[in-house]
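The values are calculated or read from the model by the stated rules, or taken from the named source; none is laboratory data. Just so we're clear, the structure is a prediction, and the values are computed from it rather than from any experiment. Methodologically, a virtual Cβ is constructed for each residue, glycine included, from the backbone with ideal geometry; neighbour enumeration extends over all protein chains shown.
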Number of protein chains: 2
Amino acid sequence: PSTRVARPLLHGYFRSSCSWRVRIAFALKGIDYDQVPVNLIKDGGQQLTDQYKELNPMQQVPAVTIDGVTLSQSLAIIQYIEETRPGPALLPADPQKRAKVRMICDLIASGIQPLQNLYVLQKIGEDKVSWAQHFIIRGFVALESLLKETAGKYCVGDEISMADICLAPQVYNAERFKVDVDQFPTIKRLNQTLLALEAFSTSHPSCQPDTPADLRA
Amino acid sequence: PSTRVARPLLHGYFRSSCSWRVRIAFALKGIDYDQVPVNLIKDGGQQLTDQYKELNPMQQVPAVTIDGVTLSQSLAIIQYIEETRPGPALLPADPQKRAKVRMICDLIASGIQPLQNLYVLQKIGEDKVSWAQHFIIRGFVALESLLKETAGKYCVGDEISMADICLAPQVYNAERFKVDVDQFPTIKRLNQTLLALEAFSTSHPSCQPDTPADLRA
């Protein structure tokens, strides 16, 4: 039996913002990984199969198989990568800066993204676009105000962090739902800075193995 | 000027599950703190004032003023406490166990709680109870399945952790929305174990400074 450590396996979807968070973290850390596409739309949703439920009982992407275990919840996955892999730190060393990074992450991951998640919008039905816009704008008003205090070149000071990993995918979602991001100059400026980085461009939804041809960059 | 370190100040609400998470963390760590009640119902919601928005731009509880800064987002607050205060660890030392703890925390904090939060239910209107039940039950089905794999005496093995801090307040919410927790034997058993602990009973919504007389234990 081989003792070579297997590459991490990401079960994700090109357009899922939480999957993109994990792809950015792998890219920033320089970790090679394999992808298994889970198409959230096709066949009524491939995340709903019994087979996938074994990987993530919440029937959401992402799930990552790594070091012999399968983990779900993107921020738990990213912090596991941070705590077990070398490479650039995704959290600052200073406890108050770490807290600010986590505050921004959780504002997005608990305060915005869950309310515009696919399974929530399916329950909302025809009003889904205005519902999603409402909660994204509400969250971005708060986020803009926080980022004005914390941001330097990146979300918290001049070092990239987990907060940036959460920001760019949420802006991508906002644009999908036609939110005018020009209203939020700090968010807009940070997002532009991030999209210019290789770790964000190579992991972008427009160029994944499962990106449909008509959505490719 | 005094150099004595001020006690942390919790801006919270007796019945907010996210405020209770922070109270449990303070209690487990043996940290004395002061409370400023923010009544989410009275005066149309005291969290909506300009004064409170300075503390938490999301206009939610909790916010904690500690070591000269004000932090919001309960899990960011709790991890700041964990990283700056002595006392029992709220996260295991082993990275895979830490990941499991965070996975459970985030399942609750991103996958369940945001969907039955006050400001979401206010937007849902008259169907709010069945909406909340739907997402709590959906989340508990997944959580029960995860906990069957991870639980010992507590959510992850036999040591108390941040996962337990998230579990008991979410069960309290489930009961408020008349979800039958008997359907979830592992969740039920863990919750009973937790409620018997002093850190959970002293911080319980039924005995806070702002608990109304008719809801006191």
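Is one or more of the residues making up the range B:179-200 at positive phi and at pLDDT 95 or above? Looking for residues that are at positive phi and at pLDDT 95 or above, one finds none in the range B:179-200, hence no.
Contact map, the range A:201-215: residues that are in a loop (DSSP other than H, G, I, E, B) paired with residues that are among the aliphatic types (A, V, I, L, M), Cβ distance under 8 Å, separation 6+ or inter-chain. Pairs shown: A:THR202/A:ALA27; A:SER203/A:ILE24; A:SER203/A:ALA27; A:HIS204/A:LEU195; A:HIS204/A:ALA217.
Selection of the range B:115-126 for residues being without any contact (Cβ under 8 Å) to a residue 24 or more places away in the chain and surrounded by 24 or more Cβ atoms within 10 Å (Cβ to Cβ) yields an empty set. A single entry from A:GLY68, A:GLY111 fulfils the requirement of being farther than 17 Å from B:LYS100 by Cα and either small (Gly, Ala, Ser) or not assigned by TED's automatic domain parsing to the domain that holds A:GLU175 (or both): A:GLY111.
The residue that is surrounded by the fewest Cβ atoms within 10 Å (Cβ to Cβ), among those in the range A:26-57 that are within 22 Å of B:PRO95 (Cα to Cα) and within 14 Å of chain B (Cβ to nearest Cβ), is A:GLU54. Restricting attention to the range B:92-111, the residues that are more than 9 Å from chain A (Cβ to nearest Cβ) and surrounded by 22 or more Cβ atoms within 10 Å (Cβ to Cβ) add up to 1. Of the numbered criteria (1) within 12 Å of chain B (Cβ to nearest Cβ); (2) in contact with a strand residue (DSSP E or B) (Cβ under 6 Å, 6 or more places away or on another chain), the one A:SER19 fails is (1). Within the range A:50-100, the residues that satisfy the criterion of being closer than 29 Å to B:LEU71 by Cα, charged (D, E, K, R) and in contact (Cβ under 8 Å) with a residue 12 or more places away in the chain are A:GLU82, A:ARG85, A:LYS97, A:LYS100. When B:GLU82, B:GLU54 are screened for being assigned by TED's automatic domain parsing to the domain that holds B:SER16 and at pLDDT 95 or above, only B:GLU82 passes.
Selection within the range A:58-78: residues that are more than 16 Å from A:TYR13 (Cβ to Cβ) and within 13 Å of the chain's Cα centre (by Cα). The member of this set that is surrounded by the fewest Cβ atoms within 10 Å (Cβ to Cβ) is A:ALA76. Any chance you could count how many residues in the range B:78-91 are within 18 Å of A:SER110 (Cβ to Cβ) and facing chain A (nearest Cβ under 9 Å)? Within the range B:78-91, residues that are within 18 Å of A:SER110 (Cβ to Cβ) and facing chain A (nearest Cβ under 9 Å) number 2. Just one residue in the set B:ASP164, B:ASP158 is within 15 Å of B:LYS97 (Cβ to Cβ) and either buried (at least 22 other Cβ atoms within 10 Å of the Cβ) or not assigned by TED's automatic domain parsing to the domain that holds B:GLN113 (or both); that residue is B:ASP164. Going through (1) within 18 Å of A:ALA196 (Cβ to Cβ); (2) surrounded by fewer than 21 Cβ atoms within 10 Å (Cβ to Cβ); (3) among the hydroxyl-bearing types (Ser, Thr, Tyr) one by one, A:THR150 falls short only on (1).
If you filter the range A:127-172 down to residues that are out of contact with any Pro (no Cβ under 8 Å at 6 or more places or on another chain), of a type in the set (Gly, Ala, Ser) and touching a residue at least 12 places away in the same chain (Cβ under 8 Å), you find that the one that is farthest from the other protein chains (Cβ to nearest Cβ) is A:ALA168.
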